Amino acid sequence: MPSIRTFKIFLAVAKCGTFAAAGKEIGLTAAAVGLQIRALEEDLNQVLFDRSARSVVLNTAGRKLVPQIKELVSRYESLAVGDDDDQLTGTVVMGALVSALMGAFADALWTVKREHPRLEIKLFAGLSAQFTDMVERGELDAAVITQSRRQLPSSLIWTPLYSEPMVLIVPRRPHFPLPESPLDILREAPFLRFDRHTWTGDLVNAVLERCNVDVRNEMELNSVETIIEIVRHGFGVSIVPKLANVRWERDRELRVIELPGNDIKRNVGLLERSHHSRTPFTDAIKHLFSARGGPDRESTVGA
């Protein structure tokens, strides 16, 4: 029967991609790691990695095991802590949008951590589509992401936390002629477009279709924060989520304009697997947001 240590070695190899890198992370030689993986494969009667001279990569059978093994390790760690006072313990691995880490979600994490000091939280910043795959594979316990316009796998659950209206932002001191009408601004001003291959990019496309305008694409970026900064410097206009952590009314360098007939919002929520060992943690996060007013409310703390 494989030990918890063997399962931890398996997860390290799955993450690091080589026996040497995994061994360095957990304090074993590459040879010892290789022996442990071969023993695990023999115990389970299946090959879990495709091996080459330079790397080891999870095959289909190995990828299927990652969520199950990760949950076993998490459950064991919770037991090992000796939790006798109903506190959350162990390690939770989360992904989140950068804008979420700057605002309300960071506040929620701090609240949970303060109430459960033996809980360790590891955070990774990134994009929604990337995190969806990582949650499904069990590499993340959960992630705060934008609602997908595409159907998620049945193994995943997405719970809305808060909403951000999609708005037009323009510089107060542009380096180009700026028309008065919002639609004319979109047609004539240089447009900074959020990466159209992302979920937020899908929302920008939907707003432009709703407005029935063609824009002059000047630049395409995958960071809302970077787009906002470029607009502040007067080099273009953009459609972005109205991030609640930004003090828009105090900004002396840009204006926020509501587009006529547009009611499209970016909905941000918590993604998790249908069954996993960290539901007490994800339930605590969802409860905090629910107590603050629910997903229909635009967060006044952050995004």
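Can you spot a residue in region 8-28 that is more than 29 Å from the chain's Cα centre (by Cα), touching a residue at least 40 places away in the same chain (Cβ under 8 Å), part of a helix (DSSP H, G or I) and not assigned by TED's automatic domain parsing to the domain that holds residue 276? Within region 8-28, none of the residues are more than 29 Å from the chain's Cα centre (by Cα), touching a residue at least 40 places away in the same chain (Cβ under 8 Å), part of a helix (DSSP H, G or I) and not assigned by TED's automatic domain parsing to the domain that holds residue 276. A residue that is part of a loop (DSSP other than H, G, I, E, B), out of contact with any strand residue (DSSP E or B) (no Cβ under 6 Å at 6 or more places or on another chain), modelled with pLDDT under 85 and not polar (S, T, N, Q) occurs somewhere in region 94-110. Which of the residues spanning region 162-200 are among the aliphatic types (A, V, I, L, M) and either under 30 Å from residue 286 (Cβ atoms) or in the same structural domain as residue 96 (by TED's automatic domain parsing) (or both)? The answer is 166, 167.
Just to be sure before I move on: is residue 225 of a type in the set (D, E, K, R), without any contact (Cβ under 8 Å) to a residue 40 or more places away in the chain and out of contact with any Gly (no Cβ under 6 Å at 6 or more places or on another chain) in the structure I sent?
For residue 225, the condition - of a type in the set (D, E, K, R), without any contact (Cβ under 8 Å) to a residue 40 or more places away in the chain and out of contact with any Gly (no Cβ under 6 Å at 6 or more places or on another chain) - is not met.
For the condition in a loop (DSSP other than H, G, I, E, B), at pLDDT below 95 and of a type in the set (Lys, Arg), what is the one hit in 210, 196? So the residue among 210, 196 that is in a loop (DSSP other than H, G, I, E, B), at pLDDT below 95 and of a type in the set (Lys, Arg) is 196. Of all the listed residues (212, 217), the sole one being on the phi > 0 side of the Ramachandran plot and without any contact (Cβ under 8 Å) to a residue 60 or more places away in the chain is 212. Can you tell me which of 180, 164 is in a loop (DSSP other than H, G, I, E, B), closer than 21 Å to residue 253 by Cβ and modelled with pLDDT under 95? Going through 180, 164 in turn, the sole match is 180.
Would you point out which residue out of 267, 262 is modelled with pLDDT of 90 or more and in a strand (DSSP E or B)?
267
Residues of region 137-160 that are within 23 Å of residue 8 (Cα to Cα) and touching a strand residue (DSSP E or B) at 6+ places or on another chain (Cβ under 6 Å): 140, 141, 142, 143. List every residue pair whose Cβ atoms lie under 8 Å apart, where the two residues are 6 or more positions apart in sequence or sit on different chains, the first residue falls within region 100-127 and is touching a residue at least 60 places away in the same chain (Cβ under 8 Å), and the second residue, located anywhere, is of a type in the set (D, E, K, R) and in a loop (DSSP other than H, G, I, E, B). Final answer for the pair search is 104/292.
Residues that are under 23 Å from residue 128 (Cα atoms) and β-branched (Val, Ile, Thr) were ranked within region 193-229; the one that is surrounded by the fewest Cβ atoms within 10 Å (Cβ to Cβ) is 226.
Of all residues in region 29-48, those satisfying the criterion of being under 20 Å from residue 138 (Cα atoms), in a helix (DSSP H, G or I), over 31 Å from the mean Cα position of the chain (by Cα) and of a type outside the set (D, E, K, R) are 40, 44.
The values are calculated or read from the model by the stated rules, or taken from the named source; none is laboratory data. Everything numeric here is computed off the predicted structure, so don't read it as measured data. Using ideal geometry, Cβ is built from the backbone for each residue, glycine included, and neighbour counts are taken over all protein chains shown.
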